[in-house]
Amino acid sequence: MSTPMSAQMVEKVVVRLRALADETRVRLILRLKRGECNVTELSAEVGVEHASASKHLSILRHAGFVEVRRQGTQAIYAIQDESIFELCELVCQGVVRQANAEHTALGLGKRAVLSRRVRRVSRTPKLSRGKGNTS
């Protein structure tokens, strides 16, 4: 970005980044990558209460990441801004670079074992954290 950001733009960027600074919201986004879904199914798949999922989805909607449409009495959520996945990939790459640097600094080699795990997770995340799930 070659031009300085206005105070309004900085505020909007912070709103979007803050919306991503929660594990449940990231899990909701990753689940919605597979397709639209209602709140009941999303909450069950992500392993949170219905009210909690609704609250997190509202934050994501306010930030512009997801959209909602009504189908009868159900709210159906979908990804609104696909660029979120590019951002997630950039963050995952940064995590791998940092882990590799820490691994190397400890004298454990040039490549962290984490790198394979992060790439796999960024492609096919395990979303369910429900009771009895050992994965």
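The values are calculated or read from the model by the stated rules, or taken from the named source; none is laboratory data. Just so you know, these numbers come straight off a predicted model, no measurement behind them. Glycine also receives a Cβ, built like all others from the backbone with ideal geometry; neighbour counts cover every protein chain displayed.
Here are a few things to note about the model shown:
- Residue 101 being farther than 24 Å from residue 19 by Cα, surrounded by 11 or more Cβ atoms within 10 Å (Cβ to Cβ) and either at pLDDT below 95 or touching a strand residue (DSSP E or B) at 6+ places or on another chain (Cβ under 7 Å) (or both): yes
- Of the residues in the range 32-52, none is surrounded by fewer than 17 Cβ atoms within 10 Å (Cβ to Cβ) and within 14 Å of residue 20 (Cα to Cα).
- Remark: residue 68 matches the filter, which requires a residue to be modelled with pLDDT of 95 or more, assigned to a strand (DSSP E or B) and either farther than 18 Å from residue 85 by Cα or of a type in the set (D, E, K, R) (or both).
For every residue, the table says whether it meets (1) under 26 Å from residue 15 (Cβ atoms); (2) at pLDDT 95 or above; (3) out of contact with any Asp or Glu (no Cβ under 7 Å at 6 or more places or on another chain).
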site: 32; (1), (2), (3): yes, yes, yes
site: 41; (1), (2), (3): no, yes, yes
site: 50; (1), (2), (3): yes, yes, yes
site: 80; (1), (2), (3): yes, yes, no
site: 89; (1), (2), (3): yes, no, yes
site: 93; (1), (2), (3): yes, no, yes
site: 97; (1), (2), (3): no, no, yes
site: 107; (1), (2), (3): no, no, yes
